[in-house]
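Report on the structure given below.
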Amino acid sequence: MGLWQSYRLRIRRRRWLVRALRKRRELSSVVDRTQNIRPDDVLVFSTFRNEDVRLPYFLDYYRNMGVSHFLMVDNNSDDGGREYLSEQPDVSLWTTGASYKKSRFGVDWLNWLQMKYGHNHWCLVVDPDEFLVYPFCDTRPIQALTDWLDASGLRSFGAMLLDMYPKGGLAAQPYGRGQNPLEIANWFDSGNYSISRNPEYRNLWIQGGPRARAFFADTPAAAPALNKIPLVKWDRRFAYVSSTHMLLPRGLNLTYDEWGGEKASGILLHTKFLDTFSAKAEEELNRGQHYANSQEYKAYAEGVGRDPDLWCKWSEKYINWRQLEILGLMSKGNWA
């Protein structure tokens with residue numbers, strides 16, 4: 001990387017950090033339990049709006065994994081989720097009625113909270129419908145992974161977003177509050193993915209899966225990105241640039257081996273496609289607060305009106321992380 005490009009990215013990172021400092025004024029504390037955070041705690045950061053139906057299982061999943069504290073931003077929910085979270089002893093909660101779009105889709109808010117509370121912690125940034133799977137997650141807590149990453153001199157951990165879906169129409173199997181969504185959405189595409197490399201930020205760019213084939217068949221280049229870097233040993237000088245797709249400094253984006261080997265990686269099981277999806281898509285389309293004038297949600301709104309069956313003859317039923325490794329969707333690298 002040339003000196004000019006390096007300087008330009010450094011200035012860009014400072015701009016995102018200054019922006020996060022400014023956007024902190026949009027957040028109002030509902031309950032602050034951050035004094036309970038211990039030096040070695042793994043932290044979850046998340047933004048949400050009207051996700052009360054998902055929140056109980058989301059918390060339980062990551063608690064069982066070993067997460068010690070949740071730092072959550074409520075974007076003006078009216079379904080009781082804010083009240084529920086305020087009662088949870090391991091949650092610190094902020095609320096805002098400000099524009100999700102103008103906060104760079106929540107990135108500014110979380111950059112600020114990670115800057116203030118995440119320094120020197122392993123921080124996991126996930127939505128309430130995303131569930132991290134990593135090598136040996138069935139027998140080892142997340143601290144085992146972060147200890148190994150520390151010992152290996154790694155500060156970031158990549159994970160591909162894997163869209164999960166049921167067999168049959170989305171409306172056919174109602175989802176209950178607190179239920180494991182993988183009891184319903186337990187199928188995925190084992191192939192049909194394209195991968196390229198972003199030359200500026202050096203992160204991988206992955207597209208494909210059921211969203212590409214069902215909602216963006218005519219415009220595959222517009223399909224949502226599936227590459228994520230959700231787990232980072234945070235430093236207050238770091239900044240997410242676009243959701244968790246990429247960060248600055250850009251060396252954090254090298255979560256893959258450039259020389260043909262394999263680095264350890266994970267999967268984010270994405271359980272968007274439940275019977276709740278139709279109402280959610282309509283709400284978010286009407287709000288117009290998502291990327292590219294909510295083009296993604298326009299495609300969803302058109303598609304869910306047909307109550308699509310995303311299952312196809314190439315679908316795989318989810319078993320465990322070892323299955324995903326065999327399929328080449330994730331890797332344990334040299335972690336044994």
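A few comments on the model shown:
- If only the Cβ of Lys and Arg carry +1 and only the Cβ of Asp and Glu carry -1, the dipole of region 119-182 around its Cα centre is close to 120 debye.
- For region 183-189, backbone phi angles converted through the Karplus equation (6.51, -1.76, 1.60; θ = phi - 60°) give residue-by-residue couplings of 5, 10, 8, 10, 10, 8, 8 Hz, Gly and Pro being listed as x.
- Per-residue [θ]222 nm for the chain (sum of -39500 (n - 2.57) over DSSP H runs n ≥ 4, rounded to 500): -8500 deg cm²/dmol
- Qualifying lysines (Cα of each under 22 Å from Cα of Lys102; at least 8 residues distant if same chain): Lys23, Lys116, Lys228, Lys280, Lys298
- Taking every DSSP bridge with both residues inside the chain, close to 60 percent are antiparallel.
- Options Tyr84, Met72, Gly106, ranked by Cα towards positive dipole end of region 69-111, top entry (Cβ charges): Gly106
- Rel. contact order, % - alpha carbon contacts under 8 angstrom, at least six apart, the chain: 22
- Accessible area of region 190-285 belonging to carbon and sulfur atoms, whole % at 1.4 Å probe: 52
- Taking Phe136, Phe188 and ordering them by how much accessible surface each has at a 1.4 Å probe, largest first, produces Phe136, Phe188.
- If you look at the Cα atoms of region 133-188, you get an Rg and a Dmax of 16.1, 47 Å.
- Just the protein heavy atoms count here, and of the accessible area of region 17-67 at 1.4 Å, carbon and sulfur take up 43 percent.
- Cα-based shape type of region 4-66, given that a ≥ b ≥ c are square roots of the gyration tensor eigenvalues and the cut on a/c is 1.5: prolate
- Once the Cα gyration tensor of region 117-267 is diagonalised, semi-axes √(5λ) in Å: 27, 21, 14
- One decimal place: the segment Ala222-Asp40 gains 61.5 nm when fully extended, by the rule 0.36 nm per residue minus the C-alpha distance.
- Residue-span extension gain [Asp32 to Lys167] - 0.36 nm each, minus C-alpha spacing: 44.4 nm
- The mean sequence distance of close C-alpha pairs (under 8 Å, at least 6 residues apart), as a share of the length of region 159-241, puts its relative contact order at 29 percent.
- Straight-line reach from Lys317: taking Cα to Cα under 18 Å and skipping same-chain neighbours fewer than 8 places apart, the lysines in range are Lys167, Lys272.
- Reported to the nearest whole Å, the Cα centre-to-centre distance from region 206-240 to region 159-203 is 12.
- Accessible area in square angstrom per residue, the chain, 1.4 angstrom probe: 44
- Whole-percent pair-distance distribution, where bins are 10 Å wide, for the alpha carbons of the chain: 5, 25, 37, 26, 6, 0
- Net charge dipole size for the chain [Lys, Arg +1 and Asp, Glu -1 on Cβ; Debye, nearest 20]: 1680
- Cut-off under 5 Å, modelled amide H: who pairs with Asp79 long-range: Asn50
- What a 1.4 Å probe finds exposed on region 92-131 is 52% carbon and sulfur by accessible area, rounded to a whole percent.
- Paired Rg and Dmax values of region 53-169, which use every Cα atom, in angstrom: 15.7, 46
The values are calculated or read from the model by the stated rules, or taken from the named source; none is laboratory data. Note that the structure is a prediction, hence the values are computed from the model and not measured. Counting neighbours? That spans all protein chains shown, and the Cβs are built from the backbone with ideal geometry, glycine included. Side chains included, ligands, DNA and RNA excluded: accessible areas come from the protein's heavy atoms. Shrake-Rupley method; radii C 1.70, N 1.55, O 1.52, S 1.80 Å.
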